[in-house]
1. How would you rank 245-253, 43-51, 126-134, 79-87, highest first, on the average number of other Cβ atoms within 10 Å across their residues?
2. What's the FRET efficiency of Q203 with S88 using the Cβ-Cβ distance as r and R₀ = 35 Å, to the nearest 0.05?
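Quick note: the coordinates plus some simple rules give every number you see, no bench work behind them. Bear in mind that the values here come from a model prediction, so they are computed numbers and not experimental data. Positions of Cβ are backbone-derived with ideal geometry, glycine not excepted, and every protein chain shown enters the neighbour counts.
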Amino acid sequence: MTDQLPEQLGRGERVPTKPLSEPMPLDQLPADLFERVLYDVANFTIGFARLDRDTHDVHLIGSGTLVAAGGKRAILTAQHVVQALPKSGRIGLILGEHRQTPSIDAAATHVSFSDRGSVVSDGPDIALVTLTEAVAGTIEAKKSFYNVESRRDAMLTSPLPQDHGFWVAQGFVGERTIVVEYRPEGSPLWKRFFHMSAAGGPQSETIVGKYDYVEMPVIPVRNPDVPTSFGGMSGGGLWQIPLHRNAQGVIEYFRPLLSGVIFYQYDEIEQRHLKCHFRRTVYGPVLESLLGPNR
């Protein structure tokens, strides 16, 4: 399913109204709207895992977003996540509600774009893992790839203002991993990995060279119990969710917009700040690496 979401989810049609920019607390938005948004965004999100064959254990490495462009399919993530991936053997993928962790051959992946700075909090920290057609097809049976090529011009030349709609950071949080059940010795250990959508609004946008950055103060959607660490969410996506009112005054949402990649958490006690690469990075150098020099 390569990104076949309608422009306006829920009704499947496009309504010529202006996006909603009026101030509104997140907890006043309809609960079912959140559920639909988070389901749709999660459909593009995966987790990376390391499989320990000796102990039958599975360890969360980080998160990623499934993207497509130029006839290629890939996983957009952070470079430090790619650095931790197995270089041979199997790479575990967390794709959803599965009793077993699917895996792919490391040889079926290629790091087609990668950059990381010497100061981890400054960045850059961005990477793209291109998949073979066979592996991409297997993943596509369960998830969707977000078409970054079709949004390039709009995201680079006329992006939606940041105060339109709301924003979510999407990925897996290692702190919330749950050991579900112990089995007899020699049998697999069951774990449940926690997929989180944390809501907030971007701030402190900066541009350094060919990369741009934004900070994202976050709180989990409809859950005040903020994790002490968002480790595992690195490589996950930053999404803008445009809202509008229809002719009946009901708040609806348009297609979620992939707008960045999470790569660092500021260690603050009272508030969590995630640092992310932003639009210019995703739709500039990263997308160009998929399309090639002549596109």
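1. Values: 245-253: 13.1, 43-51: 22.7, 126-134: 19.9, 79-87: 18.1.
Highest mean packing first, the order is 43-51, 126-134, 79-87, 245-253.
2. 0.25
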